[in-house]
Amino acid sequence: MPTLETLVSLAKRRGFIFQNSEIYGGLGSVWDFGPIGVELKRRIKDFWWTSMVHNRNDIEGIDSSILMDPAVWEASGHLKGFSDPLVECTECHKRFREDQIESTCPECDSELSSPRQFNLMFKTFMGPVEEEAATIYLRPETAQGIFVNFNNVLTTSRRKIPFGIAQIGKSFRNEITPGNFIFRTREFEQMEMEYFCHPEDSDKFFKEWIEFSMNWFKEIGIQEKNLKTRIHTDDERPHYAKSATDIEYNFPWGWGELETINNRTDYDLKNHMEKSGRDLSYFDESTKSRFIPYVIEPAMGADRTTLAVFSDAYHEEKVNDETRTVLKFNPKISPIEVAVLPLSRNEKLASISNKVFNLIKSSFRCQFDDTQSIGKRYRRQDEIGTPICVTIDFDTLDDNSITIRNRNTMKQIRVEVDKVTQIIKEHLETQF
Ligand code: GAP
């Protein structure tokens, strides 16, 4: 298992993740995804969207706004209940979450103030004149955008219950103690799905969605031994949930939450009905009965999942007395699938390399790299987890063949240029 420092350093060196506003000293606990990181995170999000929306026939997608009517947060209980207990050191005035520390200040061991509830929502103003403008909030979860659109989606998609609505988007929480790289930040992306069902079926669907989520993490390539479920205790369950189970990952510092599956009951729809005066109940044609649907919610963080995937893929191996660092991503989510590497910048090699690149670029995520020695380029591709490197050398000019190198085994095979797309496809599917 890599240390967190190793991951942070590799992430920076290879363009996965950078400190935000770094040239100004860095904004604390805010991170930016670089050229390789953005591809990795995007592929993880696409994989989730495909599994949730495209590969199922009972889920629709939406993309709602970050800003919402403040009444939403009153109805959802976030204005009142979305807070953590905050304590302040009486000497150094650092602030901590009471439930994460012992009885004295972790920095200077002095006495702590009595706890007060600190609301985690970011506030801002809407309108051109700040004093007159309404206070609004940056959403702390994407879920509310789904609840307030329940009727819109139901009527336009002509769905029948049970069905779900999925969304990927940014959320914001003014966390008291963010940290552990991109694990807990104040701005992050969530992938959430609200599954609307009959109240009587909710326990069954709750179990099914835990299973679905666990399988999803395995499918993207996370090792089973690094995953486990954990049932929430009564005092940690969110204010809207009847039951909640986390899927945890074995991060470099220990087990931590990747995803929560909640049974939110009819809590949200009922409260929005009361506050808005709109009817959000559902009429079941088959039983001629009306009810407020219950909601099962698998809610995961795209950033946390990216960190888990990154950590899980990290391997160090001894090769000829040297240490090789290699990220063994599942090719389905690796940032780059194929690197095209001409052995030198020779004009004839460049021409055939461009031809190969153009031949395969619409079938795979490719990168063209003709800098540095071939050894250094292989090392770089290993460190960004590229499953296949294609090398064009001087023999190519004679035999119209190229070399394909497998990231995991480092074995190389010769392949005719005309067959390269098909052979890479098969190789990606069967050799990783
Ligand atoms: N709608 C339910 C909900 O938001 P949550 O357990 O508070 O539930 C869901 O959040 C997921 O969002 C978490 O499991 C985690 O992956 C991610 N998440 C929550 N807070 C985060 C933070 N401060 N930084 C990064 N990811 C976070």
Over the chain, relative contact order from alpha-carbon pairs under 8 Å, at least 6 apart, %: 13
On Cα atoms only, tilt of 420-430 relative to the major axis of the chain in degrees: 50
Residues of the stretch 240-289: accessible area per residue with a 1.4 Å probe, Å²: 43
Distance between the stretch 341-381 and the stretch 1-43 - C-alpha centres, whole angstrom: 26
GNM top mover of GLU224, GLU111, GLU192 - the chain, alpha-carbon springs below 10 Å: GLU111
Cβ-Cβ FRET estimate between SER114 and GLN431, R0 fixed at 41 Å, reported to 0.05: 0.10
Heavy-atom accessible surface of the chain: percent carbon and sulfur, 1.4 Å: 46
5 angstrom amide H check on LEU258, placed H, neighbours 5+ away: ILE247, GLU248, TYR249
Crossing angle, helix 4-13 versus the chain [Cα axis fit, 0-90 degrees, rounded to tens]: 60
Nearest-ten-degree value, helix 374-383 long axis tilted from longest Cα axis of the chain: 20
Rounded to whole Å, sorted largest first: equivalent-ellipsoid semi-axes of the stretch 336-430, Cα gyration tensor: 18, 16, 12
Residues whose placed amide H lies under 5 Å from that of GLN367, excluding near-sequence neighbours: VAL338, ALA339, VAL340
Phi-based couplings in Hz for the stretch 17-22 (Karplus 6.51, -1.76, 1.60; Gly and Pro marked x): 9, 10, 5, 6, 6, 4
Listed pairs LYS228/LYS270; LYS355/LYS411; LYS318/LYS361 exceeding 27 Å between Cα atoms: LYS228/LYS270; LYS318/LYS361
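The values are calculated or read from the model by the stated rules, or taken from the named source; none is laboratory data. Predicted model only: the values in this text are computed from it and were never measured. Because the Cβ atoms are built from the backbone with ideal geometry, glycine has one as well, and the counts that use them run over all protein chains shown. Surface areas here come from the heavy atoms of the whole protein model, side chains and all, with no ligands, DNA or RNA. Shrake-Rupley method; radii C 1.70, N 1.55, O 1.52, S 1.80 Å.
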